[in-house]
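Report on the following structure.
The values are calculated or read from the model by the stated rules, or taken from the named source; none is laboratory data. The model shown is predicted, which means the values in this text are computed figures rather than measured ones. Cβ coordinates were reconstructed from backbone atoms using ideal geometry, including for glycine residues, and neighbour counts include every protein chain displayed.
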């Protein structure tokens with residue numbers, strides 16, 4: 001699990017939701033891990049039902065590589081590798097990409113340096129506006145893995161960039177681009193992580209402040225457990241897409257909604273309002289802020305809780321509501337923009353806006369799940385980044401609005417559903 005021990009959350013919640021009421025945990029409390037100890041599966045070949053003549057992936061004894069000593073130079077990558085110890089080592093000449101509005105993601109196979117005869121799934125991402133650097137990295141992988149181009153290599157591509165950069169990728173990499181549908185790849189990627197990879201999926205246990213790993217991959221990979229479906233996939237990137245999935249087949253998914261208020265909204269606002277230069281810096285800043293300094297709480301309005309309608313004093317009545325009130329009450333119209341901003345801590349603003357965006361997504365997700373009577377909600381996308389505060393906020397929102405009837409689930413490789421799904425669209429007839 002990729003966790004930052006410095007990240008935790010405090011009181012406050014958008015749309016009259018509060019995290020602090022659920023526990024009195026401090027910002028230094030780190031959730032421990034709890035998970036299944038079931039035995040590894042044998043002879044498991046992963047296949048999906050979305051295309052014919054696909055190249056199968058042997059996931060027997062597959063696992064996430066957590067140990068530092070299992071990496072070159074003992075440097076653990078931001079997104080951990082997945083070991084496929086029984087997949088054919090000569091089948092490593094393919095890769096897939098997912099180019100979105102903010103990030104470009106890559107999935108590719110390499111020989112496992114610590115397991116002779118086995119391979120690893122590797123994961124890489126970079127900002128989309130650095131597309132030339134992304135292409136250079138792909139070129140370095142191809143030069144190493146593709147046996148000096150004895151045949152024209154194929155790159156499976158999805159996302160908007162698969163169309164926008166098609167000609168550029170094809171010409172600069174001298175390859176064939178196999179474009180695949182973005183929504184379909186998301187569903188295939190999630191299905192693979194749920195059913196194929198041990199301890200990939202987890203949820204947050206608020207009462208005990210821990211992550212609980214679940215292992216639906218104990219089911220034989222060739223069979224689909226009825227308990228997997230139906231569910232709602234909430235993919236959070238620059239924007240938000242919400243997809244209802246009722247089964248494993250090509251016609252079993254439908255985009256039912258979304259929101260333009262997603263990661264791009266938070267990144268954009270904090271780029272203007274703070275000195276942060278990256279989303280990771282923004283998340284780090286938010287972890288040290290106190291949203292109650294800028295958010296208008298129920299207690300600020302009533303002086304107490306409003307128990308008759310279920311509102312506690314530390315519930316958020318208006319995100320950033322104190323900012324306007326303080327500026328109007330104290331400013332006489334002669335302060336510059338910089339002087340206005342200096343009245344508030346950037347950390348508090350970052351925390352408030354993280355809550356505002358996350359709780360808004362959580363509430364819309366709950367409403368879509370309620371609309372279709374879905375109990376399970378999977379949150380994915382590069383917005384989450386295994387960030388404790390974000391995971392806890394989304395989890396609490398779903399639990400609060402559903403009164404515990406629905407559950408939020410997360411993944412270790414949450415930003416790579418599309419790229420992984422594209423990888424699994426490899427076909428024998430295309431080399």
Residues in the range 48-68 that are farther than 16 Å from residue 156 by Cβ and in contact (Cβ under 8 Å) with a residue 12 or more places away in the chain total 10
Looking at (1) at pLDDT 95 or above; (2) assigned to a strand (DSSP E or B), which is the one condition that is false for residue 317? (1)
Return the residues of the range 289-314 that are out of contact with any helix residue (DSSP H, G or I) (no Cβ under 7 Å at 6 or more places or on another chain) and either at pLDDT 85 or above or closer than 21 Å to residue 357 by Cβ (or both); say none if nothing qualifies. 292, 297, 298
Residues in the range 128-174 that are on the phi > 0 side of the Ramachandran plot and at pLDDT below 95: how many? 4
Counting only residues that are part of a loop (DSSP other than H, G, I, E, B) and at pLDDT below 95, the range 248-261 contains a total of 4
I'd like the full set of residues that are modelled with pLDDT of 75 or more and surrounded by fewer than 17 Cβ atoms within 10 Å (Cβ to Cβ), limited to the range 72-92. 77, 78, 88
Residue hits (the range 126-153; surrounded by 14 or more Cβ atoms within 10 Å (Cβ to Cβ), closer than 20 Å to residue 238 by Cβ and either without any contact (Cβ under 8 Å) to a residue 12 or more places away in the chain or in contact with a helix residue (DSSP H, G or I) (Cβ under 6 Å, 6 or more places away or on another chain) (or both)) are 126
Does residue 105 count as at pLDDT 95 or above and either in the same structural domain as residue 423 (by TED's automatic domain parsing) or out of contact with any strand residue (DSSP E or B) (no Cβ under 9 Å at 6 or more places or on another chain) (or both)? yes
Are there any helices (runs of 4 or more DSSP H) wholly within the range 339-423 with 3 or more residues that are touching a helix residue (DSSP H, G or I) at 6+ places or on another chain (Cβ under 8 Å) and surrounded by fewer than 20 Cβ atoms within 10 Å (Cβ to Cβ), and if so which? 346-371
Could you list all residues from the range 83-111 that are outside any strand (DSSP E or B) and touching a helix residue (DSSP H, G or I) at 6+ places or on another chain (Cβ under 9 Å)? 92, 93, 94, 100, 101, 102
Is there a residue being closer than 21 Å to residue 390 by Cβ, over 25 Å from the mean Cα position of the chain (by Cα) and at pLDDT 90 or above anywhere in the range 274-287? no
Residues in the range 32-71 that are in a strand (DSSP E or B), surrounded by fewer than 16 Cβ atoms within 10 Å (Cβ to Cβ) and modelled with pLDDT of 75 or more total 2
Could you list all residues from the range 204-237 that are touching a helix residue (DSSP H, G or I) at 6+ places or on another chain (Cβ under 7 Å) and modelled with pLDDT of 90 or more? 204, 232, 233, 234, 235, 236, 237
Does the range 125-145 include one or more residues that are within 19 Å of the chain's Cα centre (by Cα) and closer than 14 Å to residue 418 by Cβ? yes
For residues that are in a loop (DSSP other than H, G, I, E, B) and surrounded by fewer than 19 Cβ atoms within 10 Å (Cβ to Cβ), tally how many sit in the range 154-199. 3
